[in-house]
1. Quick one: what pairs do we get from the range 279-302, first residue in a loop (DSSP other than H, G, I, E, B), second at pLDDT below 95 and more than 15 Å from ligand 1 (Cβ to nearest atom), C-beta under 7 Å, 6+ apart or different chains?
2. Taking the stated definitions as given, is ALA229 in contact with a Phe, Trp or Tyr (Cβ under 8 Å, 6 or more places away or on another chain), surrounded by fewer than 24 Cβ atoms within 10 Å (Cβ to Cβ) and either touching a residue at least 60 places away in the same chain (Cβ under 8 Å) or farther than 20 Å from ASN277 by Cα (or both)?
3. Just wondering, is there one or more residues in the range 88-96 that are within 18 Å of PRO454 (Cα to Cα) and modelled with pLDDT of 95 or more?
4. May I ask you to say which residue of SER850, SER855 is in a helix (DSSP H, G or I) and under 19 Å from GLN659 (Cα atoms)?
5. Does GLU433 satisfy the criteria of being part of a helix (DSSP H, G or I) and touching an Asp or Glu at 6+ places or on another chain (Cβ under 7 Å)?
6. Find the residue count for the range 662-693, including only residues that are in contact with a Ser or Thr (Cβ under 6 Å, 6 or more places away or on another chain), in a helix (DSSP H, G or I) and over 20 Å from VAL516 (Cβ atoms).
7. Return the total of residues in the range 629-656 being part of a loop (DSSP other than H, G, I, E, B), within 26 Å of ILE608 (Cα to Cα) and among the charged types (D, E, K, R).
8. With away from ligand 2 (no atom under 16 Å from the Cβ), β-branched (Val, Ile, Thr), touching a strand residue (DSSP E or B) at 6+ places or on another chain (Cβ under 9 Å) and not in a helix (DSSP H, G or I) as the only criterion, which of VAL306, VAL274 stands out?
Amino acid sequence: MQSRPPSRQPESAAQPASTPVGASDFGLVNSLEGVIEAALKNLDPEQAGLLRNDLILRLRTAGRTAARPVNTPYVNTIPPGAEPLYPGNRDLERRIKSLARWNAMAMVVNAQRDGAEVGGHISSYASMATLYEVAYNHFFRGGDNKWPADLVYFQGHTAPGNYARAFLEYRLEESHLHNFRRELAAGGGLSSYPHPYLMPDFWQFPTVSMGLGPILSIYQARFVRYLKARGLLKTEMEPRIWAFVGDGESDEPETFSALTLAAREGLDNLTWVVNCNLQRLDGPVRGNGKIIQELEGVFRGAGWNVIKVIWGSQWDELFARDELGLLQRRMDEVLDGDFQKYTVAPGSYIRRHFFGKYTGLLRLVDHLTDDELTRLVRGGHDPVKVYAAYKAAVEHQGGPTAILAKTVKGYGLGEAGEGRNISHQQKKMNEKELREFRARFDVPISDEDIVDTPFFRPARTSRETRYLLERRRKLGGFVPKREVKAEPLQTPRLEAFQELLKGSGAGEASTTKSFVRLLSVLARDPNIGRRVVPIIPDEARTFGIDPLFSQIGIYSAKGQLYEPVDKEAGFSFYRETKDGQILEEGITEAGAMASFVAAGTAYANHGINLIPFYIYYSMFGPQRVGDLFWLAGDSRTKGFLLGATSGRTTLNGEGLQHQDGHSPLNASTVPTLYVYDPAFAYEVVAIVCDGMKRMFEEGEEIMYYLCLYNEGYPQPPMPPGCAEGIIKGLYKFKPGPEGKKHRAHILGSGGIIRSALRAQEILAARYDVSADVWSATSYKNLRNEALLAERWNLLHPAQPARKPFVQQLLENETGPFVAVSDYMKLVPDQIAKWVPGGLTTLGTDGFGRSETRASLRRFFENDAECAVLGVLHALAQRGAISRDTAAQAIRDLNIDPEKDFPKLAAF
Ligand SMILES: Cc1ncc(C[n+]2csc(CCOP(=O)(O)OP(=O)(O)O)c2C)c(N)n1
Ligand SMILES: [Mg+2]
């Protein structure tokens, strides 16, 4: 049956009864009933599906608009007769839930007090409490028994409810609850939202940036299958992945972006619970429509199993007596905006406006008082309905399940915010509201105490506590819990990559190609080869990684059911296998990042160290999915992010959208991310080896970002003694020649170091300048180290000052410093403050252009000639050479001072 378009009537009067339009109106009733009867009797679900498809096809062929099979009536998917018996003690569970509600509310109200005003959210959890409690008591598996713990993506704004639960479980104390959102208070506090970075023993998944929890959960569920297929997760029972999603959150593009992947991969280890409280922050999610119906269509269309939990048990009796289908009709036609209104309106209003639409419907509730009408709860607040849905979801095979649970935002807050548009922001409650809340949920707090909103927890020996602890014990312990149990790895040393360290001789290689070589060697490493997880969003051929396809295979749950078109192509043919190692994600940087996070946190969530290498088109890295970079840091992800085709002028031809001149800046914003811009293959090797050692041997929860370029040039052998400088961020790569009149220094990074090297030659040959060329592998590292030294000095004025590494390294050098980069000038400028005599910077601010490398470099002014000019200018400023020499050089070097330059916003 379809949800019909609403027929809006004047709100004042009850309408005369009318029978809904249906089969009987066309005299079809007998034959249609007959068909349905026969189908029910004789057909299995698959055959019934075929019959339905056939009917739709014939209607379409005959030119009739065929029904959309993606929607079902606005009613519970599981009929009352098919519900299992509730296995728990309803009374005790309700008391526990009520106390969780109270304590969650009290945390937020208290956090607002005493001028702290640190905020919090009451209403999201108030709508979610039953959805969580049924799972806590009956479904979420902990990791203390033999099976792996479920992985739960809790809705971020409901964190107070999870803390309140942990308090009742005696995992947290009152002092913690008092310090909700006061993390710097003595004794520590509780983070506002789920942040593994801030509460590394508790939270596993950051979810408060809406849309990211949902997409992460899908890739996590797929990652579990990947681990199993590769023999890395050896367990019969796999963890279930739960995601609690807001209905408003479904508008975020990430939320739905991977739905079809979940269905395609048959992820029946995944359950989403969408809390359809019909509201988001400002107002209704779909005031003029029906979010549950819309979501049902989306999920079903994407191939998910959908279970709607719309009405609580009290409605069952009404539906059972609804012989004319009027109740169903009314359900189908009422808009969410009106449903929201019914939650705040008195029973008389509901009677008149909801039931009063049809006289027959009005009669259906004759036996109920107005008060009773307001207590006809929604399905998401009824443990029986929720339990039935969860059980069906975990038993469902072949694909993921979405439970669409209808609830009331701010449930139980009464006038303080139940169902109101201000509900989301509600953080305060007056005494009257507190009393009502207490009465509604039977919270044993006295009249004198209530204004202080004290926390309340039953004694350890109480029935409530014993019950909930016993439930958790049976289910395998507490959830959420983050635990690092992974064994450290034995990672290779530099020597394993001799081939790359000795340089390319006369041959040429790009840093990208060199990295691919490194990856291929690494994949063969006897200790860690199998732990390498290459992740690629459809760019493997661009980067030259395709030979890995045949070496280690592309993961595919189905293997390869077709004959690949390029089977004869040798190494690079598209080889999909069930135990493939490469995660080839297709064109989804968000999805690939979700895989990166899943792999890079496996050490905590699956007890196994894996080494993810996510290689992508650098422009579509942090610029495209910066929030996921941030989330990766919060998640304590370990691994390597490789921005290939980087550099605004090195990626030639592609122009404005592709030429990346700023990712190191974006990446620099993530505190735990080390950002490197290596110039040579041996630097790549040194950085990756150091990173592997720190992350996977020593257990540091950090990440690495490397810029990789596609320009081929001769790769020099690794000079002795430079390893430390590479890691710290700066070392002298090539000193200038002896016997010149002037001294200078050029800092180069990435492939553009070659501008510095050519400038070095020109300066020596034509301008009597000996310029040292330095390789600046990480401005971010240099800056952070200097910032820490400065901070120490600030706080310890009476002690000998610490000198930043960069300053120590450069202070004894003579002559000016010039930096040349393929990134915005801000990248090298990060260290300008500590460079003796200041820093002249050449970089690539502005939108890119499609052009050759040479033209681009002149346009942006980071080619060798411009680097020469930079040095001469700096020398002239110091009075070492005359300004005329610099002016003459502009002519000699063929630089047009009036030439085009990228437009920059400026006064
Ligand atoms: C990416 C992002 N944008 C905006 C917000 C701010 N925000 C927090 S909660 C919220 C409304 C959530 O509504 P819904 O998803 O329906 O969840 P509910 O609280 O109703 O359960 C918004 C907009 C956010 N946390 N993340
Ligand atoms: Mg909502």
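1. Cβ pairs passing all conditions: LYS290/SER3.
2. Values: in contact with a Phe, Trp or Tyr (Cβ under 8 Å, 6 or more places away or on another chain): yes; surrounded by fewer than 24 Cβ atoms within 10 Å (Cβ to Cβ): yes; either touching a residue at least 60 places away in the same chain (Cβ under 8 Å) or farther than 20 Å from ASN277 by Cα (or both): yes.
Answer is yes for this residue.
3. Residues of the range 88-96 within 18 Å of PRO454 (Cα to Cα): 95-96.
Right, trim to modelled with pLDDT of 95 or more and you get 95-96.
Yes - at least one qualifying residue is present in the range 88-96.
4. Details: SER850 fails: in a helix (DSSP H, G or I).
One residue alone meets the criteria, SER855.
5. Values: part of a helix (DSSP H, G or I): yes; touching an Asp or Glu at 6+ places or on another chain (Cβ under 7 Å): yes.
The answer is yes for GLU433.
6. 1
7. The first filter runs over the range 629-656 and keeps only residues part of a loop (DSSP other than H, G, I, E, B), leaving 635-638, 645-656.
From what is left, the residues that are within 26 Å of ILE608 (Cα to Cα) are 635-638.
The next check asks that each one be among the charged types (D, E, K, R); those that pass are 636, 638.
Summing the residues that are part of a loop (DSSP other than H, G, I, E, B), within 26 Å of ILE608 (Cα to Cα) and among the charged types (D, E, K, R) in the range 629-656 gives 2.
8. Details: VAL274 fails: away from ligand 2 (no atom under 16 Å from the Cβ).
Checking each option against the conditions leaves just VAL306.
The values are calculated or read from the model by the stated rules, or taken from the named source; none is laboratory data. Source: prediction; values computed, not measured. As a convention, Cβ positions derive from the backbone with ideal geometry for all residues, glycine included, and neighbour counts pool all protein chains shown.
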